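Derivation of every value follows stated rules applied to the coordinates shown; laboratory data play no part. All figures in this text were calculated on a predicted structure; none of them were measured in a lab. So basically every Cβ, Gly included, is an ideal-geometry build from the backbone, and we count neighbours across all protein chains shown.
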Amino acid sequence: MAAGATILTFALQLADVDRGVYEDVSLRVARHPSETDAFLITRVLAYALEFEEGIAFSEGISTTDEPAVLVRDRTGRITAWIEVGAPDASRLHHGSMQSERVAVYTHRHPAKVAALWSGKRIHRSDEITLHSFDPGFVDAATSVLGRRNTMVLSITERRIYLDLNGRSLESAIVDHPVP
C-alpha cells in the first residue's frame, strides 16, 4: 500500500510592503511522500511571495501539466505559472506558452538550476525570473517545520523577515535571469 499525502497547516500573516499586500491566510498544504521539507517550505514561500487573487497550489507533484503554484483569473485562465525547485526547460517552455507570467523559486544553488536551462528552448525566457534565498535560510526554516505552523512573513525592499513557529529568520530574495 502506498503512503498518502501528509497535511500541514499554516496560519500565515502576510505583510508584503513592496507590493502593498496585507493578508491573513489559512493554508492546508498536502505534502506528497516524495516531497522534501525544503521543497515544501519553498512552495509555501512562493505562494506567499506571489499572493494575489486567484492563487492556488496545484494538485501536487504528481500533476505534470501544472506548476507547483498557479494563479487563475475569473475565467479560469492561468495568468501566472510558478514553479518550485529545479524544473526542466520543457516545463518552463510549456508554462510560458500557457500563461502571461512565469516565475521559479528555488531552494537549490541558483547557478546550477539556471545551468540546466542553458541552450534549451524556453518561450519568452528573458521574461522569466529565478528567485532564490540566502544559503541556509530554507534549511533553517525546515528545522522548525511542524504539522501545524504559525508563520508571520514580512517582505520589504526584497528582503524576507520570517517568524516560523517562534523562530525568526531573514533572507534576501535574490533574482537571477534565465539564460
Worksheet item: Fully extended, how many nm does the chain gain between ARG77 and VAL152 (0.36 nm per residue separation, minus their Cα-Cα distance)?
Response: 24.0 nm
Worksheet item: Which length gain, in nm to one decimal place, applies between MET97 and GLU23 when the Cα-Cα distance is subtracted from 0.36 nm times their residue separation?
Response: 23.6 nm
Worksheet item: Does the stretch 1-152 come out rounded, prolate or oblate, given a ≥ b ≥ c as the square roots of the eigenvalues of its C-alpha gyration tensor, rounded meaning a/c under 1.5 and, failing that, prolate meaning a/b above b/c?
Response: rounded
Worksheet item: Rounded to the nearest 5, what % of the DSSP beta bridges within the chain are antiparallel ones?
Response: 70 percent
Worksheet entry | Label-to-label distance, nm, for residues given as ALA5 and ASN165 (7 Å Cα→Cβ offset) | 2.0 nm
Worksheet item: Given the C-alpha centroids of the stretch 76-106 and the stretch 32-53, what is the distance between them in whole angstrom?
Response: 14 Å
Worksheet item: Taking Cα atoms, how many degrees apart are the long axis of helix 89-98 and the longest axis of the chain, rounded to 10 and kept between 0 and 90?
Response: 90 degrees
Response to the item:
If one builds a Gaussian network model of the chain from Cα atoms under 10 Å apart, the most fluctuating residue listed among GLU83, GLU35, GLU50 is GLU35
Practice prompt. Only helical DSSP H runs with n ≥ 4 go in: add -39500 (n - 2.57) per run for the chain, normalise by residue count and round the 222 nm mean residue ellipticity to 500 deg cm²/dmol.
Written response: -5500 deg cm²/dmol
Worksheet item: Measuring from label point to label point, each 7 Å out along Cα→Cβ, what is the ASP126 to ASP175 span in nm?
Response: 1.6 nm
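What shape does the stretch 19-104 take by its C-alpha gyration tensor, where a ≥ b ≥ c are the square roots of the eigenvalues and a/c under 1.5 counts as rounded, a/b above b/c as prolate, and the rest as oblate?
oblate
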Worksheet, complete the sentence: Computed over the chain: longest principal axis from alpha-carbon atoms vs helix 37-49 long axis, angle to nearest 10 degrees, is 80 degrees
Fill in: At 1.306 mPa s and 10 °C, Stokes D of the stretch 70-179 from Kirkwood alpha-carbon radius, µm² per second
104 µm²/s
Worksheet, complete the sentence: At R0 = 25 Å the Cβ-Cβ FRET efficiency linking VAL144 and HIS109, nearest 0.05, sits at 0.65
Discussion item. Explain nothing, just compute: Karplus ³J(HN,Hα) = 6.51 cos²θ - 1.76 cosθ + 1.60, θ = phi - 60°, for every residue of the stretch 121-138 in order, whole Hz, x for Gly and Pro.
Written reply: 7, 9, 4, 6, 4, 5, 9, 9, 10, 9, 10, 9, 10, 4, x, x, 4, 5
